[in-house]
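**Student:** If you scroll down you'll find the structure; I have some questions about it.
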Amino acid sequence: MSTSDQQGPATRIIHNQRHQDAFGSPYSPVYNTTTYRFENTQALLDVIEGRTPGNLYTRWGTNPSIQELEQGLARLEQAETALAFASGMAAISATLLAHGRQGIVCVGDLYGGTQEFLKNHCMALGIDVQFLFRGELSQLEAHLQAPGKLVYFETPANPNLAILDIAAIAELAHRKQALVAVDNTFASPVNQNPLALGADLVLHSATKYLGGHSDLTAGALMASAELIKPVIAWRKNLGQLIAPETAALLSRSLRTLPIRIRQHNENALAVARAMEQHPAVLKVHYPGLPSFPDHPLAARQMQGFGGMLSIEVEGGQQAAARVADKLQVFLLATSLGGVESLVSQPSATSHHGLSREERLQRGIGDGMLRLSVGLEDAQDLINDLHQALD
Ligand SMILES: *Cc1c(COP(=O)(O)O)cnc(C)c1O
């Protein structure tokens, strides 16, 4: 049998576990336990003092269901190791606290919760946090003069799907002795592997594509064992651990991630092409369209273009709201990455707090609608959009 790093992502994740028990089950049971019993005090001390490996208490991260999930998460990003968390924000906040204390430089648009954490919490703790627009990338080097900083960004970005060059940013950051963290939620590990492009830390809201069914909240960090180590202590002491039951559910979801992502990619491209043809649609933001300005860069660093796209409809905010309200197959809801298609209006939800000018500066037009294209039949999604737009 070929070794796991020669195998494709579907084989790697489906064969993540080779459980063996008296019943012949290929999959392990859910270890719904918080604690572990020892034969005697010496055996307990051996584990506490690190002489023998062993589990002690689930919040510390030592639970077989969670560890099995983490092995699968690491395999998906071809990382040395991974940590699972109770949510994407748990993974992001622990990582920023562990690696961002010497200063964080953010590039481009960030998820609202991440921005809130950086502005309301990191800055209040005295951490130097800088925000660069994507057009200000040329200023990055000037912000990295002191060593030990953390460069943080998302690509593709929400909601305009703008692409940042992971390899170029990592090369510059490393020259300045900075670390690079990438939130890879929108792409998923099937479409993009930031570690292979030079990033140091990869984050996921597993609530989205990794879970894939809009029925669990979880997060993940993938990196080298050395960079993961300090994050383990933050996760333990902030109590951000994923529940074993949720970990098992997420492990189950990961087995279908590659095939789900392939279909998300295919459906989103079909929807994007149809929207490009529609007279009421002014603009389609989808990295897979040759007309998208960042398409060549996306084609270079992504294996697939993902299930997220946004469109700008004629008539501004009110017209966009009318379209969203008329959609029947697409559900009007925030979040993304599930089997069901969702529509949301950034100016009314994620970017509601910004002025119109700030939104335009971030490439969010008045009539923008963000679509999370699910796994329904693509033609039904296109028909639904047509009836709403006509
Ligand atoms: C949803 C999301 C998060 C936060 O994840 P939670 O699981 O909701 O905590 C972070 N980053 C991106 C890009 C997201 O879409």
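The values are calculated or read from the model by the stated rules, or taken from the named source; none is laboratory data. Owing to the predicted nature of the structure, the values given are computational and were not obtained by experimental measurement. Every residue, glycine among them, receives a Cβ derived from its backbone with ideal geometry; neighbour counts consider all protein chains shown.
**Student:** Here are some residues: LEU216, LEU221, LEU203. Which one is outside any helix (DSSP H, G or I), surrounded by fewer than 23 Cβ atoms within 10 Å (Cβ to Cβ) and within 13 Å of the ligand (Cβ to nearest atom)?
**Tutor:** Going through LEU216, LEU221, LEU203 in turn, just one is outside any helix (DSSP H, G or I), surrounded by fewer than 23 Cβ atoms within 10 Å (Cβ to Cβ) and within 13 Å of the ligand (Cβ to nearest atom): LEU216.
**Student:** Under 6 Å by Cβ, and 6 or more places apart or on different chains, what pairs join a residue from the stretch 200-225 that is in contact (Cβ under 8 Å) with a residue 12 or more places away in the chain with one that is within 9 Å of the ligand (Cβ to nearest atom) and among the acidic types (Asp, Glu)?
**Tutor:** Partner pairs satisfying both residue conditions: LEU203/ASP183.
**Student:** Would you point out the residue of the stretch 370-385, among those that are surrounded by fewer than 24 Cβ atoms within 10 Å (Cβ to Cβ) and in a loop (DSSP other than H, G, I, E, B), that is nearest to the chain's Cα centre (by Cα)?
**Tutor:** LEU375
**Student:** Just one of LEU375, LEU332, LEU327 is in the same structural domain as GLN277 (by TED's automatic domain parsing) and within 25 Å of LEU110 (Cβ to Cβ); which is it?
**Tutor:** LEU332
**Student:** Taking the stretch 89-133, which residues are part of a loop (DSSP other than H, G, I, E, B) and within 15 Å of the chain's Cα centre (by Cα)? Spell out the reasoning first.
**Tutor:** Taking the stretch 89-133 first, the residues part of a loop (DSSP other than H, G, I, E, B) are 100-103, 108-111, 123-128, 133.
Correct list: ASP109, LEU110, TYR111.
**Student:** Need the failing condition index for THR185 against (1) in contact with a strand residue (DSSP E or B) (Cβ under 6 Å, 6 or more places away or on another chain); (2) over 25 Å from ILE13 (Cβ atoms); (3) part of a loop (DSSP other than H, G, I, E, B), just the number.
**Tutor:** Single failed check for THR185: (2).
**Student:** Same structure, new question: ALA74 - would you say it is among the hydrophobic types (A, V, I, L, M, F, W, C), away from the ligand (no atom under 16 Å from the Cβ), surrounded by fewer than 15 Cβ atoms within 10 Å (Cβ to Cβ) and not in a loop (DSSP other than H, G, I, E, B)?
**Tutor:** On the way: among the hydrophobic types (A, V, I, L, M, F, W, C): yes; away from the ligand (no atom under 16 Å from the Cβ): yes; surrounded by fewer than 15 Cβ atoms within 10 Å (Cβ to Cβ): no; not in a loop (DSSP other than H, G, I, E, B): yes.
Answer is no for this residue.
**Student:** Say we look at the stretch 188-200 and pick out the residues that are surrounded by 22 or more Cβ atoms within 10 Å (Cβ to Cβ) and outside any helix (DSSP H, G or I); which of these is nearest to the ligand (Cβ to nearest atom)?
**Tutor:** Only one residue fits best here, namely GLN192.
**Student:** Taking the stated definitions as given, is GLN328 over 26 Å from LEU250 (Cβ atoms) and surrounded by 15 or more Cβ atoms within 10 Å (Cβ to Cβ)?
**Tutor:** Details: over 26 Å from LEU250 (Cβ atoms): yes; surrounded by 15 or more Cβ atoms within 10 Å (Cβ to Cβ): no.
No.
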